[in-house]
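Bear in mind that the values in this text are calculations on the coordinates, not laboratory data. Just so you know, these numbers come straight off a predicted model, no measurement behind them. A quick note on method: Cβ atoms are made from the backbone with ideal geometry, for glycine too, and the neighbour counts reach across all protein chains shown.
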Amino acid sequence: MDKFFKITESGSSVKTEIVAGITTFFAMAYIVLVAPNQLAGSDPAQAQVWNSVYIASLLVAITGTLLMGLYAKMPFAQACGMGLLSLFAVSFMIPQIAGGGDVVAGYQAGLVIVFLSGVLFIILSLTGVREYIARSMPDCIKKAMPAGIGLFIAYIGFQNVGIIQDNPYTLTQFVDIHGAITGESGFAAALPAVLALLGLIIIAVLEKKHIRGSVMISIVIITVLYYPLSGTAPDFNMGHIGQAFSDFFEIGFLGILSPEAWKNAFSEEYVGGLLSGIIYVFVFCMVNMFDTIGTLYGVAAQADMLDEKGDPINLAKSMTCDSIATVLAGLLGTSTGSSYVEASAGVAAGGRTGFTSVVTAACFFACLFLSPLASIVPGCATAPALVYVGVLMLNNIKDVDLYDMESAVPAFLTLIMMPLTYSIANGIGIGCIAYMLIRLLTGKFTKDDMVVSGIAMLFIIKFMCVSM
């Protein structure tokens, strides 16, 4: 095993890789329940879709993450992409739910779109187009992507536990501790936010003292504190596991083989027509491609696994794994599979090889039969890991020449638009548009800028044609 994964050669150990794999899982564990909730909600009328998506999403996470570990041999992890889950829900599920239509038919029509986007994804990967695009990105955007992703995942961590809350006047605000104390719910309403901030301090203190496994130790401490302080207990309800598998095989698994699904995928009723269906295929492919590129660069930079050109090692293999996961998502019955920035939490815990991913995949496999497993660790215990990784990844912005506006403005827009638009892909796209326009208007545009300009034009079309 050590020889296959090159664990010792990478300066790691089996124990460290196991801890890192478990840490990545806990940082991603929210997706186990978020994926089915996002597509089907809690309405009992959509229970069949919920069950199918639950099983399918786990299988995509298991398979995609295993591929990253065994084929690419990188400490990356995959699951259904959050942004694409939202796009899937808004495009195919919500119209049927709101209009009283056939939810299962809308669900299966969406799976056809996901499958076709995955096929296109694989073609671009096998022909080297994806890798060429990744390597042709401007240096300032390459360096801004990890920092932007760091801000993005820190923002996710803040939101998950209510450290950042909605405000009708300023859009967001810091958790209202005073309001919680004086309100009906009492301090319990602010407890997750306070514990998450405590968890971040614990990580910082342990790291300052050079204690390995700081992220995992923080997760354990905050989990132990959470239940007695909140007066709750973990839920181990196992009753619905059998029904989940039954629904998965009935409507999700190979549901796209139905002729009706293909007809609906390009119909006016379920998708908006043939042109809309084609646009959706390209949008899903494009968004996933740039989410993946940004994520791979971000996590690889965090793990110090970049080559001399600043590109992730084994980039082509990692992209192929991502493409296969997307095709599997359509076949199994869920939204697009994508590389996850939360893998940075495992990297921060010391993960450096594919064995980290194998451990993460094993944890997801356990969730197939132990659905409450993911809920044992509260969000306030994993949120500090995301924020801490954001702190580490922000360091990458120091390599951008912030005195040269040709580099500084595209880098800044890439950095800030990821959290503000809640999309890695949007951040990259807006940064590319800015870079292209600056190069054109300053008379410095060359043939080397054709790739970034092509990306910019695609995003301009996307912003004009698709609401997201």
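Structure above, values below:
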quantity: Mean-position separation - Cα centroids, the range 82-146 and the range 285-346, in angstrom; calculated: 13
quantity: Relative pair counts by distance (%), Cα atoms of the range 165-209, 5 Å bins; calculated: 5, 21, 18, 19, 17, 10, 7, 3, 0
quantity: The chain - Kirkwood radius from inverse mean 1/r over Cα pairs (Å); calculated: 22.6
quantity: Cβ charges +1 (Lys, Arg) and -1 (Asp, Glu), total dipole of the range 83-234, debye; calculated: 660
quantity: For the range 223-308: span of alpha carbons on each principal axis (Å, largest first); calculated: 55, 52, 21
quantity: Loop-resident sites, the range 411-455, for trypsin sites (Lys or Arg not before Pro), counting at most 15 other Cβ within 10 Å (DSSP); calculated: K444
quantity: Spin-label pair K6/Y132, simplified geometry with 7 Å Cα→Cβ offset, distance in nm; calculated: 2.7
quantity: Rh by Kirkwood over Cα pairs, then Stokes-Einstein D for the range 1-104 at 1.567 mPa s and 4 °C, µm²/s; calculated: 83
quantity: Residue range of the chain that is longest and free of GluC sites (Glu not before Pro) which are both DSSP loop and sparsely packed (at most 14 other C-beta within 10 Å); calculated: 10-183
quantity: Kyte-Doolittle mean at least 0.0, axial Cα span of 24 Å or more - DSSP H helices of the chain; calculated: 47-67, 103-126, 139-160, 191-208, 274-302, 315-332, 424-441
quantity: Under-5 Å amide H pairs with S338, H placed in peptide plane, nonlocal only; calculated: A79, C80, G81
quantity: Dipole magnitude of the chain, debye to nearest 20 (Cβ charges: Lys/Arg +1, Asp/Glu -1, about Cα centre); calculated: 920
quantity: Relative contact order (%) - criterion: Cα under 8 Å, at least six apart; region: the chain; calculated: 34
quantity: Cβ-based net charge around E9, under 12 Å, with every Lys or Arg adding one and every Asp or Glu removing one; calculated: +3
quantity: Stokes-Einstein D in µm²/s, Kirkwood radius over Cα pairs - the range 162-297 at 25 °C with 0.890 mPa s viscosity; calculated: 119
quantity: Residue order, fewest to most surrounding Cβ atoms within 10 angstrom, among V409, V452; calculated: V409, V452
quantity: Exceeding the 27 Å Cα-Cα cut-off - candidates K6/K309; K142/K317; K143/K447; K15/K309; calculated: K15/K309
quantity: Trypsin sites (Lys or Arg not before Pro) within the range 139-229: DSSP coil, no more than 11 neighbouring Cβ in 10 Å; calculated: K209
quantity: Helical mean residue ellipticity (222 nm; -39500 (n - 2.57) per DSSP H run of 4+; nearest 500) of the chain; calculated: -21000 deg cm²/dmol
quantity: Label point 7 Å beyond Cα of V224 along Cβ direction - residues of the range 161-200 with amide nitrogen under 15 Å; calculated: 199
quantity: Order of I153, I94, I455 under a 10 Å beta carbon neighbour criterion, fewest first; calculated: I94, I455, I153
